[in-house]
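Enquirer: First the structure, which I've put down as structure tokens, then a few questions once you've had a look.
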Amino acid sequence: MKQNAHFQDADAFYEQLLDAHEGLNREQAELFNARLILLLANQVGDARVLKECIDAARQLPQGAGMGVGVE
Amino acid sequence: MNGTASTYTATAHTNGYEFTGGSGYDLPEYPFLPPPELQGGPTARHPVVIVGAGITGLTLACSLARLGVRALLIDEDNTVGVKGASSRGICYTQKSLEIFERLGIYPRIEAKGVQWSVGRTFAGTDEVYSFDLRQQGSFHLSRQPPFINIQQFYIEGFLVERIRELGGVELRWQNRLVAFEQNPEFATLSVETPAGRYQIEAEHVIDATGSHSPLRQWLQVPFDSRRGDDRWCIADVRFSKHPPVERHTWIEAPFNEGRAVWQHLMADEVWRLDYQMAPNADPEEVSREDVVRERLARQFGSDVEVEIVWVGPYAYRSECVHALRHGRVFLMGDSAKVVSPFGARGGNTGVADADNLAWKLAAVLKGKADPLLLDSYNDERLEAAQQNVCVTNRTARFLRPADGTERLFRQAAIGLAKQYPFARSLINTGRMAVANPYSHSSACTYAPGSAAGQSVQNVRFAWADGTRGCINDLLDWTAGDLLVLVFGDLSPAALQRLRRLCLDAPVRSVQVLGPEAVAQAQEHVRDPQGHLQGACHVFGHAWALVRPDGYLAATGESVNGHLVSAIERSLGLRGEAT
């Protein structure tokens, strides 16, 4: 799993990602995210990398509870 | 998004001063002198009238004075700073500092301001990101540092004094523009003063009046606009604490109820502390002295002695006009675009706008360039304005995410940034201003592999006698003409063609040589470390056409027709874009 930045343009991607959510309700947003994850996973392909990504996503930084908002 | 949201309530905006407080600064005051028009003089027609003596208008006025162009600058106030509120910009980029060096005020800025290159971003108590600009890219190659922090009014005051020193540009204080009309040849301006009202005519009007431009309203200039509910409150303070001279930003500061905080040093040992408030916070409440002191105590402890120099609550909006030229009127600085303060893309953009138009106006007014060249101001600076609006809007969206998905993604990004380096690139507390490149200007000649349209840093080289020089020294020498740098040895025919070109066109050429090579042109410099070559993005035998604003108009290999047509294009003699 790559740990260093590999984005060509991180800010532009982030903006596109948020733009894509505009006007979606919660359910639609969740479905969109699920579809996007599957699309991106297919771009990655490598089974070992995908497993590492899933493991990394489950492992929250210390002090942050799953599902607890920032505020 | 065009127009304004109906739920928006008017708040003091970036330049607001309604609820400002603090002991303030002593600002210079400039005398009102009754203009000759009010003493029976005829209505004069000026080649250039600049409206607004902020950092943008003054930079243009000073640039024109340096290039020997007569101009008139009018301002409704009698001082620098906004009506005595005296804060606004603090952070000046390398490109702006290079421009100020050409104008002759850089030594004063360097002496007064604070240099910095390290920035750190925190989420909660964790540092998630840091940078040192001196280690990044080529910042260290310029004679100017990556950034200097200094209160904006100091630069404005230096410019006023420099303009007086240079002469040729008249400054009229307490002269307010109250009406305007134009025809294809000239504009007529009505100006109100304490001694009465008068009219002047102008061939070129520069609107540098800022974010509440009356000209933009009168001309009904179309623009895009975006505004939100994010509210901030600045406290400029002196205190017994001495934090590091670094740019510190918190996305979620534990001492500010989990909201953002900015911390930065500027001149006179004054710290700029900028606190994000709750959405739609009441500006009067958040700027009350006891509330400000409580906020400072939460960050620095209650035992720290604090002198409050200035307090200013603000909201921000972003705006961008669709065109910078409207008949005889050129919009620049905040008249052309308004951005949030993140990344120092407001004032620095205004300085670059002024630097861009100054040499073009000078070349046209002296008959060295075609008036069509002035349209390239729109090509180049509108692209820069749009880019800066886009970049600052992204930062604003990161700092004040909409509830729901936007906040969720920010939470994910911050968490990942604490664990993995890649996610730091998603943390956006401001992308620092750069010299914006021009990718589709009618005055630049683009070719594959060429860096045309990019800024050339003020790098060092050696004069023929071995002493050190910089690009700015060469731009001083060209005095508003174009500069052709020719790298490597020249055939006799190429040398002859260059001499011809310099006789026929407003161009001066300099041969750039390695440490040992034999010079063929009388005007030559040495580039032992290849910094000039690197700054122009050329390799081996090549030429680079550098404009008076330090931008590359074109590059090429042989001294041939390509160079001739590039020179013509950068003088507005070939209107079509490439």
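Enquirer: Give me the strands (runs of 3 or more DSSP E) completely within region B:24-129, filtered to those with at least 3 residues that are surrounded by fewer than 21 Cβ atoms within 10 Å (Cβ to Cβ) and either in contact (Cβ under 8 Å) with a residue 60 or more places away in the chain or small (Gly, Ala, Ser) (or both), ordered by residue number. Walk me through how you get there before you give the answer.
Expert: On the way: elements: B:45-51, B:71-74, B:91-93, B:114-116, B:118-123.
By residue number, B:45-51, B:118-123.
Enquirer: Moving to a separate point now. Would you confirm, using the coordinates I've provided, whether residue B:356 is part of a helix (DSSP H, G or I), polar (S, T, N, Q) and touching a residue at least 60 places away in the same chain (Cβ under 8 Å)? Quick ask: steps written out before the conclusion?
Expert: Numbers: part of a helix (DSSP H, G or I): yes; polar (S, T, N, Q): yes; touching a residue at least 60 places away in the same chain (Cβ under 8 Å): yes.
Considered against the rule, which asks whether it is part of a helix (DSSP H, G or I), polar (S, T, N, Q) and touching a residue at least 60 places away in the same chain (Cβ under 8 Å), residue B:356 comes out as yes.
Enquirer: Determine the pairs where a residue that is farther than 22 Å from residue B:402 by Cβ and more than 9 Å from every other protein chain (Cβ to nearest Cβ), located within region A:1-26, has a partner that is assigned to a loop (DSSP other than H, G, I, E, B) and among the acidic types (Asp, Glu) with Cβ atoms under 8 Å apart, the partner being 6 or more residues away or on another chain.
Expert: Every condition considered, no pair remains.
Enquirer: Collect the residues in region B:448-483 that are in a loop (DSSP other than H, G, I, E, B) and of a type outside the set (A, V, I, L, M, F, W, C), keeping them in residue-number order. Even if it seems obvious, please write down each step before you answer.
Expert: Initial filter on region B:448-483 (in a loop (DSSP other than H, G, I, E, B)): B:448-454, B:456-458, B:464-467, B:479-481.
If the condition is that a residue be in a loop (DSSP other than H, G, I, E, B) and of a type outside the set (A, V, I, L, M, F, W, C), then B:448, B:449, B:450, B:453, B:454, B:457, B:458, B:465, B:466, B:467, B:480, B:481 are the ones that fit.
Enquirer: Going by what's in this entry, would residue B:3 be described as assigned to a loop (DSSP other than H, G, I, E, B), of a type in the set (Gly, Ala, Ser), at pLDDT below 75 and closer than 30 Å to residue B:146 by Cβ? Before you say what the answer is, go through the steps one by one.
Expert: Details: assigned to a loop (DSSP other than H, G, I, E, B): yes; of a type in the set (Gly, Ala, Ser): yes; at pLDDT below 75: yes; closer than 30 Å to residue B:146 by Cβ: no.
Judged against the criteria, residue B:3 is not a match.
Enquirer: Within the set of pairs 6 or more residues apart or between chains, which connect a residue that is more than 13 Å from residue B:567 (Cα to Cα) inside region B:503-514 to a residue that is crowded, with 18+ Cβ neighbours inside 10 Å and acidic (Asp, Glu) with Cβ atoms less than 8 Å apart?
Expert: B:512/B:527; B:513/B:527; B:514/B:527
Enquirer: So which residues in region A:4-33 are outside any helix (DSSP H, G or I) and loosely packed, with under 11 Cβ neighbours inside 10 Å, if there are any at all?
Expert: Going through region A:4-33, the residues outside any helix (DSSP H, G or I) turn out to be A:4-9, A:22-25.
If the condition is that a residue be outside any helix (DSSP H, G or I) and loosely packed, with under 11 Cβ neighbours inside 10 Å, then A:4, A:6, A:8, A:9, A:22, A:23, A:25 are the ones that fit.
Enquirer: Any idea which of (1) farther than 21 Å from residue B:429 by Cβ; (2) more than 7 Å from every other protein chain (Cβ to nearest Cβ); (3) among the hydrophobic types (A, V, I, L, M, F, W, C) is the one residue A:29 doesn't satisfy?
Expert: Only one criterion is unmet by residue A:29, namely (2).
Enquirer: Would you mention how many residues in region B:535-567 are in contact with an Asp or Glu (Cβ under 9 Å, 6 or more places away or on another chain) and either among the hydrophobic types (A, V, I, L, M, F, W, C) or surrounded by fewer than 21 Cβ atoms within 10 Å (Cβ to Cβ) (or both)?
Expert: Initial filter on region B:535-567 (in contact with an Asp or Glu (Cβ under 9 Å, 6 or more places away or on another chain)): B:538, B:540-543, B:548-551.
From what's left, either among the hydrophobic types (A, V, I, L, M, F, W, C) or surrounded by fewer than 21 Cβ atoms within 10 Å (Cβ to Cβ) (or both): B:538, B:540-543.
Residues flagged as in contact with an Asp or Glu (Cβ under 9 Å, 6 or more places away or on another chain) and either among the hydrophobic types (A, V, I, L, M, F, W, C) or surrounded by fewer than 21 Cβ atoms within 10 Å (Cβ to Cβ) (or both) within region B:535-567 amount to 5.
Enquirer: Mind listing whichever residues of region B:291-317 are among the hydroxyl-bearing types (Ser, Thr, Tyr), out of contact with any Asp or Glu (no Cβ under 8 Å at 6 or more places or on another chain) and buried (at least 19 other Cβ atoms within 10 Å of the Cβ)? So that I can check it myself, show each step before the final result.
Expert: First, pick out the residues of region B:291-317 that are among the hydroxyl-bearing types (Ser, Thr, Tyr): B:302, B:314, B:316.
Now restrict to residues that are out of contact with any Asp or Glu (no Cβ under 8 Å at 6 or more places or on another chain): B:302, B:314.
B:314 - this is the single residue of region B:291-317 that is among the hydroxyl-bearing types (Ser, Thr, Tyr), out of contact with any Asp or Glu (no Cβ under 8 Å at 6 or more places or on another chain) and buried (at least 19 other Cβ atoms within 10 Å of the Cβ).
Enquirer: Another question, then. If a residue has to be crowded, with 18+ Cβ neighbours inside 10 Å, within 14 Å of chain A (Cβ to nearest Cβ) and among the aliphatic types (A, V, I, L, M) to count, how many in region B:367-418 make the cut?
Expert: So the answer is 8.
Enquirer: In the list B:488, B:453, which residue meets the criterion of being touching a strand residue (DSSP E or B) at 6+ places or on another chain (Cβ under 8 Å), at positive phi and either β-branched (Val, Ile, Thr) or crowded, with 21+ Cβ neighbours inside 10 Å (or both)? Even if it seems obvious, please write down each step before you answer.
Expert: On the way: B:488 fails: either β-branched (Val, Ile, Thr) or crowded, with 21+ Cβ neighbours inside 10 Å (or both).
None of the other options fit; the residue is B:453.
Enquirer: Can you tell me which residue in region B:189-208 is farthest from residue B:45 (Cα to Cα), limited to those that are touching a residue at least 24 places away in the same chain (Cβ under 8 Å) and polar (S, T, N, Q)?
Expert: At the first step, the residues of region B:189-208 found to be touching a residue at least 24 places away in the same chain (Cβ under 8 Å) are B:189, B:191, B:193-196, B:198-208.
Still in the running and polar (S, T, N, Q): B:193, B:199.
Details: B:193: 19, B:199: 10 Å.
Taking the candidates together, the pick is B:193.
The values are calculated or read from the model by the stated rules, or taken from the named source; none is laboratory data. This structure is a prediction, so every number in the text was calculated from the model and none was measured. In this analysis, Cβ positions are derived from the backbone assuming ideal geometry, glycine residues included, and neighbour counts consider all displayed protein chains.
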